Amino acid sequence: MKANGTLYENVARRISGLIESGTWRAGDRIPSVRALSRELEVSISTTLEAYRLLEDQGFIDTKPQSGHYVKARCSADAAQRPRVARPPQDPTSVSVNELVMTILSEGHDPETVPLGAALPNPALLPARKLQRKISAVLRRRPEITCTYGMTAGDPELRTQIARRAVTAGCTLDKDEIVTTTGAQEALNLCLGATCKPGSLVAVESPIFYGILQMIEARALRAIEVATDAGEGISLAALDSVIKKNRISAVICMPNFNNPLGSLMPDEKKKDLVRLLGARGVPLIEDDIYGEIPHGLARPRAAKSYDTKDLVLWCSSFSKTLSPGCRVGWVSGGRFARAIEELKFASTLATNTLSQAAIAEFLAHGGYDHHLRGLRRAAAHQVGSVIQAVRRSFPAGTRIASPAGGFLVWVELPPDKDSLKLHRMAARAGISIAPGPIFSPRRRFRNCLRLSAFFWNERVDRAIDVLGQLAQRA
Ligand SMILES: Cc1ncc(COP(=O)(O)O)c(C=O)c1O
């Protein structure tokens, strides 16, 4: 189905997107016509038309006097999810940097269809509002660009972050938070505080390439741990890795892992924190997508179960407000002091103007309202990308069904080569992120990650082209 259409088609697409992405599963009751009309601010008749279309398309069943239910065969099916990789359980050095830099350098061309790097779509971010906040800060505090900020960060911003932490189940004092130049610096500081050159870090498999680049730059070693596209890292595999090796830190994305989109259930997060706590291993939690669930409440952070101050919780505003402001943060538990010292030694302090503007936005900019829109867009766009892949890609392709974020992990049949597909796609003006950049050993040769930050007719067509190219890859 194409991106443009009548209002009822758009409503139907939004719902089918939520079903495709696994937010609603087989047998779930979807909202009543009246409730959905209210939520989406459309008329009852538009919603009725949309539900009729969804019935015709085989997505839902209507039970008289009862409601509308997701049909079994349409819900995200675990059997069609990408398979769990079984990485070798021994340490390895990491060398992905050159490959990553070559591949990502192509993604910035405005002519390229941007399905590769996870660059937020500016149209989904409140640029004008943020601009007004920047102007307001400059009017009120003209000296702000003429002073260094505190190393720990802007106190008002840290207060706002501590307030928002409650929605992730965390009770933090603002003094437990250090602001950073994006989540990238936060993660890097955590590695610096927990590891020395040669130390061993356990990572999810697959894992965000930026983390592998940090591990490589610090001359650390990595050990990959099997990770499921539905529920995240395998605790059994992690337990075994920890028993056999001296692990200095585990890096994990319990909420909407990049690239898999997996969401660890709360009980599993608790078990993860308990498992690591019992062995005194620090957990570096990357929660950058935690604020972008698809229509559900924000999931808890693993940090919320931390009773030993061993979880270093990192995030940023890059995916929700502004990647350009470069504002992130970390709550470092028992490593907080080391993190602050490293921050001083590396960048001294985070940009004062960006911090103040974001603090102002969080306090008075309608951040929650903005997040609601962003979450709806994420659910819709991810669902649309999944539908397009299903329509166009070779038989045997498996697709993750993320419950949050903007990323879609695709596993092609085993004989396919995503590095070859990447080269073919680049010639056709399409960027993708091939699987090998997500693994220290360059595994996942037949996998790729697609970004769903952008969705329009051009993207829809590009996925058709990718599907055809994948037949020959
Ligand atoms: C999982 C993950 N962690 C960290 C980062 C870095 O975030 P930031 O731009 O805030 O430095 C990214 C950016 O793409 C990411 O996807």
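The values are calculated or read from the model by the stated rules, or taken from the named source; none is laboratory data. The structure presented is a predicted model; accordingly, all values stated were derived computationally and were not measured. As a convention, Cβ positions derive from the backbone with ideal geometry for all residues, glycine included, and neighbour counts pool all protein chains shown.
A few comments on the model shown:
- Residue in region 159-178 that is within 12 Å of the ligand (Cβ to nearest atom) and either over 26 Å from S439 (Cα atoms) or assigned to a loop (DSSP other than H, G, I, E, B) (or both) present: no
- D109 meets all of the listed conditions (1) at pLDDT 85 or above; (2) surrounded by fewer than 16 Cβ atoms within 10 Å (Cβ to Cβ) but one, namely (1).
- For the residues R449, R443, the requirement of being closer than 28 Å to I215 by Cα, of a type in the set (K, R), in contact (Cβ under 8 Å) with a residue 12 or more places away in the chain and buried (at least 23 other Cβ atoms within 10 Å of the Cβ) singles out R449.
- Filter pass, A193 being part of a loop (DSSP other than H, G, I, E, B) and at pLDDT 95 or above: no
- Contact map, region 163-183: first residue touching a residue at least 40 places away in the same chain (Cβ under 8 Å), second residue of a type in the set (D, E) and not in a loop (DSSP other than H, G, I, E, B), Cβ cut-off under 6 Å, separation 6 or more or different chains; pairs are V178/E340.
- Scope region 154-202; condition closer than 19 Å to D309 by Cβ and of a type in the set (G, A, S); matching residues: A162, A165, A168, G169, A186, G192, A193
- Enumeration of residues in region 196-222 that are within 19 Å of T347 (Cβ to Cβ) and more than 15 Å from the ligand (Cβ to nearest atom): R218
- Residue count, region 286-320 (criterion: among the small types (G, A, S) and within 13 Å of the ligand (Cβ to nearest atom)): 4
- From the list R337, R326, the lone residue that is within 15 Å of A186 (Cβ to Cβ) and out of contact with any Cys (no Cβ under 9 Å at 6 or more places or on another chain) is R326.
- Just one of the listed residues (E156, E176) is out of contact with any strand residue (DSSP E or B) (no Cβ under 9 Å at 6 or more places or on another chain), among the acidic types (D, E) and modelled with pLDDT of 95 or more, and it is E156.
- The residues of region 109-137 that are out of contact with any Leu (no Cβ under 7 Å at 6 or more places or on another chain) and in a helix (DSSP H, G or I), listed by number, are P122, A123, A127, R128, K129, Q131, R132, K133, S135, A136.
- Among all positions in region 405-419, there is at least one residue which is surrounded by fewer than 24 Cβ atoms within 10 Å (Cβ to Cβ), at pLDDT 95 or above and part of a helix (DSSP H, G or I).
- With respect to the conditions (1) surrounded by 20 or more Cβ atoms within 10 Å (Cβ to Cβ); (2) away from the ligand (no atom under 16 Å from the Cβ); (3) within 20 Å of H364 (Cα to Cα), G149 lacks only one, and its number is (3).
- Some residue of region 270-285 being part of a loop (DSSP other than H, G, I, E, B), within 16 Å of the ligand (Cβ to nearest atom) and in contact with a Lys or Arg (Cβ under 8 Å, 6 or more places away or on another chain): no
- If only residues of region 295-320 that are crowded, with 24+ Cβ neighbours inside 10 Å and of a type in the set (K, R) are counted, the one that is farthest from the chain's Cα centre (by Cα) is K303.
- Cβ pairs under 7 Å, 6+ apart, first in region 231-250 and on the phi > 0 side of the Ramachandran plot and in contact (Cβ under 8 Å) with a residue 12 or more places away in the chain, second part of a helix (DSSP H, G or I) and not aliphatic (A, V, I, L, M): G232/K268
- Summed over region 321-346, residues that are within 10 Å of the ligand (Cβ to nearest atom), surrounded by 21 or more Cβ atoms within 10 Å (Cβ to Cβ) and not small (G, A, S) total 3.
- Of residues in region 241-264 being among the polar types (S, T, N, Q) and within 20 Å of G230 (Cβ to Cβ), the one farthest from the ligand (Cβ to nearest atom): S262
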